[in-house]
Amino acid sequence: QVQLVESGGGLVQPGGSLRLSCAASGSIFSINAMGWYRQAPGKQRELVATITSGGSTKYADSVKGRFTISRDNAKNTVYLQMNSLKPEDTAVYYCNANVVVVAPYRFLDVWGQGTLVAVTS
């Protein structure tokens, strides 16, 4: 059993900042890529940012220069620092991790339950 628990979401004014955290726990052998996705009402789910186990990052064009993804491998935790937030950033943000579980040592894509980020004045 593997779980991802997200925290840090909430309401923030335009131009403000939030930091999301996602901690993985359970029968984990290792974690490869981790990432953040978001989905707004009436919109398709989109990738926000991803980070490999070695620290290589990718970002959606819409968040480049404003968001920063990072991870703490010792804590099995991924973070998303969000600065200069805009109303169009409003969405439910989902944490994702590609996990190798203990025996039989298979890759699994695991998702968190999501945390709401609301950017409004």
(request) Please specify each residue of segment 57-74 satisfying the condition of being part of a loop (DSSP other than H, G, I, E, B) and surrounded by 17 or more Cβ atoms within 10 Å (Cβ to Cβ). (result) VAL63
(message) Tally up the residues in segment 1-51 that are open to solvent by 30 Å² or more (accessible area, probe 1.4 Å), among the basic types (Lys, Arg) and over 30 Å from PRO104 (Cβ atoms), please.
(response) 2
(message) Suppose the filter is open to solvent by less than 40 Å² (accessible area, probe 1.4 Å) and in a loop (DSSP other than H, G, I, E, B); does GLY54 pass it?
(response) no
(request) Starting from residues that are open to solvent by 40 Å² or more (accessible area, probe 1.4 Å) and in a helix (DSSP H, G or I), keep the ones in segment 75-112 and report whichever is nearest to GLY16 (Cα to Cα). (result) PRO87
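The values are calculated or read from the model by the stated rules, or taken from the named source; none is laboratory data. Note that the structure is a prediction, hence the values are computed from the model and not measured. Glycine gets a Cβ as well: all are built from the backbone with ideal geometry, and neighbour counts include every protein chain shown. In case anyone asks, the SASA skips ligands and DNA or RNA and just uses the protein heavy atoms, side chains included. Shrake-Rupley method; radii C 1.70, N 1.55, O 1.52, S 1.80 Å.
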